[in-house]
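Step one of this worksheet: look at the structure below.
Read the figures in this text as sums done on the coordinates, not as results from a lab. Computed from a predicted model, the values in this text were never measured in an experiment. Please note: Cβ atoms are built from the backbone with ideal geometry, for glycine as well, and neighbour counts cover all protein chains shown.
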Amino acid sequence: MRIPLIAGNWKMHMMVRESVNFAKDLWELIKDTKDREVLVCPPFTSLYAVRQAIEGTTIKLGAQNLNWEDAGAFTGAIAPPMLVDVGCEYVIIGHSERRKIWGNSNEDVNKKAHAAIRSGLKPIMCVGETLEEKEADLTRQVVGTQVEVGLKDLTASELKDLVIAYEPVWAIGTGKNDDPAQANKTISFIRDVLGSRFGHNFSQKIRILYGGSVKPDNVDGFMNMSDIDGTLVGGASLKVESFARIVKFKYEEANQDVHR
Ligand code: PEP
């Protein structure tokens, strides 16, 4: 069974006090919602305070990035053991903004995946094609390479807690979400890539999320798809009511067992 994961990526938003208030308010709104995992990924500056605010709840904590070295002269960088120390369970790697703005390559993402796993963090590895790549019919090629290279030299047992987020770059922050059925096809292709590399059983256990303009009014469409195991949410994770509604996504009657 793949437990759905709803993850909020706050990006470079929210001061410490706002982050703490958000976490507490979120818990009040979602505490009766079962059978799904909820994760918030605040900016580094809020991690410690949010960790304390979610104490005693089931909300999980994640970071938005890491450096691949464990310590040393890397001004401005955050090491994986520091994220563990502050209470993170997850870390996002290879987000398209890190790839585009900071030039993270697939090889860099692979180093980050190794570093996360070495420290016991669960990596959420983002993959996705740009608009040009989509229009040139290169989605599978691009995403397949991102998965292959990003997971290079890692074993199935090391990757048991891996999460992949399929986030078409053209859908991030644009209000133009992918069609759920189309996203499901790409995610099913990603599962096949995992299957060829690590075996069918492994591929059936790994959670693959969709991300890209997920909102309260479209989340149900994604979550009723057979291969979509959750969502990575940017903009709509910054308003507590909106994120809470996404957490409370609804299955259609016929799809109660869609992820089982
Ligand atoms: C993201 O940043 O990972 C994301 C999916 O953003 P948005 O939901 O705003 O498109």
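Max-minus-min Cα coordinates of segment 5-255 on each principal axis give 52, 45, 34 Å, with the largest extent listed first. A simple spin-label model places pseudo-atoms 7 Å from Cα toward Cβ; at Lys152 and Gln52 they are separated by 4.3 nm.
Contact order for the chain, expressed relative to its length and based on alpha carbon pairs under 8 Å spaced 6+ residues apart, stands at 21 percent.
Taking the centroid of alpha carbons for each part, segment 229-248 and segment 1-20 are 8 Å apart. Projecting the Cα positions of Asn224, Ile54, Ile172 onto the charge dipole of the chain (unit charges on Cβ atoms of Lys, Arg, Asp and Glu, taken about the Cα centre) puts Ile54 furthest along the positive direction.
Length gained on full extension, Glu28 to His200: 58.0 nm, using 0.36 nm per residue less the C-alpha separation. Relative to the Cα centre, the charge distribution of segment 5-255, modelled as +1 at Lys and Arg Cβ and -1 at Asp and Glu Cβ, gives a dipole magnitude of about 360 debye. Using the Cβ-Cβ distance between Asn255 and Glu107 with R0 set to 41 Å, the FRET efficiency works out to roughly 0.60.
Computed over segment 69-113, the P(r) curve from all C-alpha pair distances, binned at 5 Å from the origin, holds 5, 19, 24, 28, 20, 4 percent per bin.
Applying 0.36 nm per residue to the separation of Ala181 and Ala77 and subtracting their alpha-carbon distance, the gain on full extension is 33.6 nm. If R0 is taken as 25 Å, the Cβ-Cβ distance between Leu131 and Lys239 corresponds to a FRET efficiency of 0.40. For the pair Arg17 and Leu138, label points projected 7 Å from Cα toward Cβ lie 4.8 nm apart.
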